[in-house]
Amino acid sequence: MIDSGFETKSLRMELLLLVTFQAPAADVERIMEAVVAITPLRMGKYDANAYQSAQGTERYQPLEGAAAGAETELRRRPGTVEVSFELPDDQGLAARVVEAIFQAHSYQEPVIRIQPLLTSRSKGLDDRANPNRWWNTTGDWKTADQGQLAKAPQRESVAAE
């Protein structure tokens, strides 16, 4: 078992925390705004990094004491997604993020998981000659006539460092 980070020529593998939560798709923006208000979710030269799965169906049955009241039928809620992102291995930060998810979530018992993770971080090497990089081929910001990178759409940073 690998229990520490390591490096290759092109990247570093770092020990981080993987935070995952499930929520109705309509709730994700509100929850993620609460998260990035605490931490920018930075990955190299990018911030606000998270992954959202395709929509699926959540299954559950409310029991006695549930906010919905006890029910005898199994509920099925379509439109539920799973969102994941990485955090530094910092229990205080993880606690603040989990509390923010809980407060912004619409569920009485939101599904929130934290797992240790070994994840990659690029060393930022010069990749201009790598034919597999989108910016060297037909990347989404290439101009058709020049084959050059056009200016990427700008957005405001969602969190200060």
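The rule of thumb for compact globular proteins, 2.2 N^0.38 Å, goes into the C-alpha radius of gyration of region 56-117 1.37 times. Within the accessible area of the chain, the carbon and sulfur atoms contribute 51%, probe 1.4 Å, all protein chains present. Solvent-accessible area of THR72, all protein chains in place: 120 Å² (probe radius 1.4 Å, heavy atoms, ligands and nucleic acids excluded). A crude spin-label estimate for the pair ASP47 and THR8, with each label 7 Å from Cα along the Cβ direction, gives 2.9 nm. Averaged over its residues, region 1-68 has an accessible area of 66 Å² per residue, based on protein heavy atoms and a 1.4 Å probe.
Between THR119 and GLU33, the C-beta separation translates, for a Förster distance of 22 Å, into a calculated FRET efficiency of about 0.40. Express the Stokes-Einstein translational diffusion coefficient of the chain in µm² s⁻¹, to the nearest whole number, given a Kirkwood radius over alpha-carbon pairs, 10 °C and a viscosity of 1.306 mPa s. Answer from the Stokes-Einstein relation: 85 µm²/s. Annotation: SER10 carries an accessible surface of approximately 60 Å², with a 1.4 Å probe and no ligand, DNA or RNA atoms counted.
These residues, PHE85, PHE102, go from largest to smallest accessible area, 1.4 Å probe, as PHE102, PHE85. If R0 equals 22 Å, the separation of the Cβ atoms of THR20 and ARG76 corresponds to a calculated FRET efficiency of about 0.55. Compared with the dominant Cα axis of the chain, that is its longest principal axis, helix 91-104 is turned about 60°.
Taking all protein chains as shown and a probe of 1.4 angstrom, THR137 keeps an accessible surface of around 70 Å². Entry note, the chain: relative contact order of 34 percent, from Cα contacts under 8 Å with a spacing of 6+ residues.
Using the rule -39500 (n - 2.57) for each DSSP H run of four or more residues, divided by the residues of the chain, the 222 nm mean residue ellipticity is -4500 deg cm²/dmol. Going by accessible surface with a 1.4 Å probe and the largest first, ASP127, ASP27 read ASP127, ASP27.
Residues ASP47, ASP3, ASP90, sorted by accessible area with the largest first, give ASP3, ASP90, ASP47 [1.4 Å probe; ligands and nucleic acids excluded].
The values are calculated or read from the model by the stated rules, or taken from the named source; none is laboratory data. What you see is a predicted model, and the numbers here were worked out from it, not measured in a lab. Note: ideal-geometry Cβ built from the backbone for every residue, glycine included; neighbour counts use all protein chains shown. For the accessible areas, the whole protein counts, side chains as well, though only heavy atoms, and no ligand, DNA or RNA atoms are used. Shrake-Rupley method; radii C 1.70, N 1.55, O 1.52, S 1.80 Å.
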